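Data block below; observations after.
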Amino acid sequence: MTTKRPSYDPEMELRLGYGNYDTIEGSVYASTGLSDKLAINVSASGRDQSDGFGRSLVTGNEIHKGWDWSVRSQMLWEASDTTSILLIGDYGEQRSDLGSNNTTFPGTVAISGATHQGRNTQTAGEDFAQVEQGGLSLRIDHETSFADLVSISAYRKTELTFELDQDMGIAPLVQVGPVVSPTETITQEFQIVSNSSPFDWIVGAFYMRSETGYDPSRVGGLFFAPLSSVSLTDTQTLNSYAAFGEVSFEVLADTNLTLGVRYTIDDYELDVEGRVGDDAFPLPGNTFTDESSFDKLTYRAILDHAITPDILAYASYSRGFRSGGYSLAFPGDAANPAPVVAPEVLDSYEIGLKTEFFNGDLTLNGAAFYYDYQDLAISFVQPGGNLVLNAAGARITGLDLDFVARPFEGFRISGGIGILDTEYTDFPNGPLLVPNPATCTPVPAELPGPRTGGNLPCTGDLTGNTTIRAPEFTLTLAPSYTFETSIGAFTLAANYYHNSGFFWDVSNRMEQPSYDVINGSLTWETLDENLSVRLWAKNLNNEFYGLYSSPNILGDPFSAAPPRTYGVTATVRFGG
């Protein structure tokens, strides 16, 4: 993500909006030069939704609301004609219970007896998640006669705090929290980038040190009686080292080949301390350390050919990996440490076209791809936290098509189609959660009689099942029309999104049905473009669909996406 750099010419933008559910939001951006070689910008934004989308049926309190604010600043020093230094700092906080105060998945019963309540909950409605984060980065670019030298240094600290009523009912069966999860990361990257070679190339090195964990993670409730609570303090330290290089050159007329390679070493250390009784006593066997290390060679190759100046065809292959580590919520004990989560390896194959026609008034892009996963990492909710396991293999075959068209002056329409076919290709002994009453052998095809609540944990061969959250078909259409008047320009815009539905769980028991979401807006902008007012609405059709769901033995939690929201936003600009 590249943000707007400071400008030497003074400029400012103020934005203020108000929406239903008593939502106030605003932002400010300002930039100016401090000298002919030094410029600075500052941006800040905030949002406060005071009324909730739902209620606790126990206390009557409103739920699904929250607030956030952030500030960011950049200082650019162009020290010479060949050297520039960019310093960036940011800090922000947010607190929300959207996705925390859950109900149950439609048609299911929690072990507490709770049932589906739409956007309401049968808990006390006091669950929340709060994030505080901030960071600094320093980028130095220096141009030499043969290459650009780049140094990127960064520091970031994040602290997540949350509480969660996992049983989804008023009885205090499993209460998670407060959980405090801090993360502190330092990175350093060096690049040498060609600027005068007959072909393009880059070489570099990367280092990251990251400490993350729980300080502490606490869980209590009747399930843990006679203990008042069990807490876990653990820290995972990662030292990651990498070297990389890439080169791109012309192999034939209008045909280029790009080759890249990266070698990564990840060293992990784990320190664990478990305690019971409101942290008063050590938990026997739960104070230990462990170490693991992964290394991986990854690479990619891209061949592209300009069929005409407006049509580019390409084919690519790449191998990448996502590092492994420890399942921090369930590290095991000194006698039986939990298995280390293996690195997730992806082989990606893709062919595609990028095109422009009619002097840029029509853009068409298409890509067909095949993803082959090894040791796909999947997170499963358990009482007390998330357990991460590896599925042995999975594949995703897909097609992406997108377009932007300007058929006549003032009118623009963009859109896209996504088609997916996915499955776990090798997933023996996968986790199955069967609603009670149930047996594991055999797993019943249909549940006999009324459901009594919660799920029975079983295992089974999930090979051939569809991967989670992978809709077979998605469609997006976004038309807009702008027309000029004597008092300024008006823009009518809409956005339509269709999702064919997907499965929330690896056993393919919990299915999100297909849904459609329509957004719209009307914007007026003055002739000098210094003032605009926008009327907007999201989820105009008030579609009810899931934002989050993940089953566990206590039940099948479900949180709905926001309902229809609408409001007005005004923007004022100065300078620039």
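The values are calculated or read from the model by the stated rules, or taken from the named source; none is laboratory data. Fair warning: this is a prediction, and the values are worked out from it, not measured in the lab. All Cβ positions, glycine included, derive from the backbone under ideal geometry; neighbour counts span all protein chains shown.
Collect the residues in region 43-61 that are crowded, with 20+ Cβ neighbours inside 10 Å and either β-branched (Val, Ile, Thr) or part of a strand (DSSP E or B) (or both), keeping them in residue-number order.
Those that are crowded, with 20+ Cβ neighbours inside 10 Å and either β-branched (Val, Ile, Thr) or part of a strand (DSSP E or B) (or both): GLN49, GLY54, SER56.
Checking the structure you have, find out if any residue of region 361-374 is in a strand (DSSP E or B), of a type in the set (Val, Ile, Thr), in contact with a strand residue (DSSP E or B) (Cβ under 6 Å, 6 or more places away or on another chain) and modelled with pLDDT of 95 or more.
Checking region 361-374: at least one residue is in a strand (DSSP E or B), of a type in the set (Val, Ile, Thr), in contact with a strand residue (DSSP E or B) (Cβ under 6 Å, 6 or more places away or on another chain) and modelled with pLDDT of 95 or more.
For SER521, state whether it is within 27 Å of GLY107 (Cβ to Cβ), surrounded by 15 or more Cβ atoms within 10 Å (Cβ to Cβ), touching a Leu at 6+ places or on another chain (Cβ under 9 Å) and modelled with pLDDT of 95 or more.
It is false that SER521 is within 27 Å of GLY107 (Cβ to Cβ), surrounded by 15 or more Cβ atoms within 10 Å (Cβ to Cβ), touching a Leu at 6+ places or on another chain (Cβ under 9 Å) and modelled with pLDDT of 95 or more.
Are there any pairs with C-beta distances below 6 angstrom linking a residue in region 368-383 that is over 18 Å from PHE321 (Cβ atoms) to a residue that is modelled with pLDDT of 95 or more and surrounded by fewer than 18 Cβ atoms within 10 Å (Cβ to Cβ), with the two at least 6 apart or on different chains, and if so which?
ALA368/ILE351; ALA368/LEU399
Please work out which one of (1) polar (S, T, N, Q); (2) buried (at least 18 other Cβ atoms within 10 Å of the Cβ); (3) within 21 Å of VAL568 (Cβ to Cβ); (4) touching a Phe, Trp or Tyr at 6+ places or on another chain (Cβ under 8 Å) is the condition THR23 fails and give its number.
THR23 satisfies every listed condition except (4).
Within region 464-565, considering only strands (runs of 3 or more DSSP E) that don't extend past its boundaries, which have at least 1 residues that are in contact with a Lys or Arg (Cβ under 9 Å, 6 or more places away or on another chain)?
473-485, 488-499, 515-525, 531-538, 557-560
So how many residues does region 75-128 have that are under 30 Å from SER145 (Cβ atoms) and in a loop (DSSP other than H, G, I, E, B)?
Selection size over region 75-128: 5.
Give me the pairs: first residue in region 484-496 and in contact (Cβ under 8 Å) with a residue 24 or more places away in the chain and at positive phi, second residue assigned to a strand (DSSP E or B) and surrounded by fewer than 17 Cβ atoms within 10 Å (Cβ to Cβ), beta-carbon distance under 7 Å, and six or more apart or on different chains, which are they?
GLY488/TRP524
For the list (1) hydrophobic (A, V, I, L, M, F, W, C); (2) in a loop (DSSP other than H, G, I, E, B); (3) surrounded by fewer than 18 Cβ atoms within 10 Å (Cβ to Cβ); (4) under 22 Å from the mean Cα position of the chain (by Cα), I need the number of the one condition that TRP67 fails.
For TRP67, the failing item is (2).
Can you pull out the residues in region 136-153 that are under 24 Å from the mean Cα position of the chain (by Cα) and either part of a loop (DSSP other than H, G, I, E, B) or surrounded by 17 or more Cβ atoms within 10 Å (Cβ to Cβ) (or both)?
ILE152
Just checking, which of SER56, SER96 is at pLDDT 95 or above and under 26 Å from LEU222 (Cα atoms)?
Result of the check over SER56, SER96: SER56.
Give ASP9, ASP68, ASP97 a once-over and let me know the one that is under 30 Å from GLY113 (Cα atoms), touching a strand residue (DSSP E or B) at 6+ places or on another chain (Cβ under 9 Å) and of a type in the set (Asp, Glu).
ASP97
Being among the polar types (S, T, N, Q), modelled with pLDDT of 90 or more and closer than 29 Å to SER80 by Cα is the requirement here; does SER194 meet it?
The answer is yes for SER194.
In the list TYR326, TYR314, which residue meets the criterion of being of a type outside the set (A, V, I, L, M, F, W, C) and over 23 Å from PHE288 (Cα atoms)?
Testing whether each residue is of a type outside the set (A, V, I, L, M, F, W, C) and over 23 Å from PHE288 (Cα atoms) leaves just TYR314.
Of the conditions (1) modelled with pLDDT under 95; (2) surrounded by fewer than 17 Cβ atoms within 10 Å (Cβ to Cβ); (3) of a type outside the set (Lys, Arg), THR308 satisfies every one except a single condition; which number is it?
Looking at each condition in turn, THR308 falls short on (1).
Does THR233 meet the test of being crowded, with 17+ Cβ neighbours inside 10 Å, in a strand (DSSP E or B) and out of contact with any Lys or Arg (no Cβ under 6 Å at 6 or more places or on another chain)?
It is true that THR233 is crowded, with 17+ Cβ neighbours inside 10 Å, in a strand (DSSP E or B) and out of contact with any Lys or Arg (no Cβ under 6 Å at 6 or more places or on another chain).
Within region 23-61, track down each residue that is within 30 Å of ALA171 (Cα to Cα), in contact with a strand residue (DSSP E or B) (Cβ under 9 Å, 6 or more places away or on another chain) and either without any contact (Cβ under 8 Å) to a residue 60 or more places away in the chain or aliphatic (A, V, I, L, M) (or both).
GLN49, SER50, ASP51, GLY52, LEU57, VAL58
So ASN386 ticks every box in (1) touching a residue at least 24 places away in the same chain (Cβ under 8 Å); (2) more than 20 Å from the chain's Cα centre (by Cα) but one. Which box is left unticked?
Among (1) touching a residue at least 24 places away in the same chain (Cβ under 8 Å); (2) more than 20 Å from the chain's Cα centre (by Cα), the lone unmet condition for ASN386 is (2).
Of all residues in region 1-10, which are surrounded by fewer than 16 Cβ atoms within 10 Å (Cβ to Cβ) and either touching a residue at least 60 places away in the same chain (Cβ under 8 Å) or small (Gly, Ala, Ser) (or both)?
Correct list: THR3, ARG5, ASP9, PRO10.
If PHE244 meets every condition in (1) loosely packed, with under 14 Cβ neighbours inside 10 Å; (2) within 28 Å of PRO343 (Cβ to Cβ) apart from one, which number is that one?
(1)
Only one of ALA338, ALA342, ALA313, ALA329 is touching a strand residue (DSSP E or B) at 6+ places or on another chain (Cβ under 7 Å), surrounded by fewer than 16 Cβ atoms within 10 Å (Cβ to Cβ) and not aromatic (Phe, Trp, Tyr); which?
Exactly one of ALA338, ALA342, ALA313, ALA329 is touching a strand residue (DSSP E or B) at 6+ places or on another chain (Cβ under 7 Å), surrounded by fewer than 16 Cβ atoms within 10 Å (Cβ to Cβ) and not aromatic (Phe, Trp, Tyr), namely ALA313.
Counting only residues that are under 35 Å from the mean Cα position of the chain (by Cα) and among the polar types (S, T, N, Q), which one in region 28-42 is surrounded by the most Cβ atoms within 10 Å (Cβ to Cβ)?
Per the criteria, the residue is SER31.
Please count how many residues of region 199-218 are of a type in the set (D, E, K, R), without any contact (Cβ under 8 Å) to a residue 40 or more places away in the chain and within 30 Å of ASP148 (Cβ to Cβ).
The total comes to 1.
Any residue that is touching an Asp or Glu at 6+ places or on another chain (Cβ under 8 Å) and either more than 25 Å from SER217 (Cβ to Cβ) or at pLDDT 95 or above (or both) - is there at least one of those in region 332-341?
No, every residue in region 332-341 fails to be touching an Asp or Glu at 6+ places or on another chain (Cβ under 8 Å) and either more than 25 Å from SER217 (Cβ to Cβ) or at pLDDT 95 or above (or both).
Could you please let me know if PHE105 is in contact with a His (Cβ under 8 Å, 6 or more places away or on another chain) and under 23 Å from ARG564 (Cα atoms)?
It is true that PHE105 is in contact with a His (Cβ under 8 Å, 6 or more places away or on another chain) and under 23 Å from ARG564 (Cα atoms).
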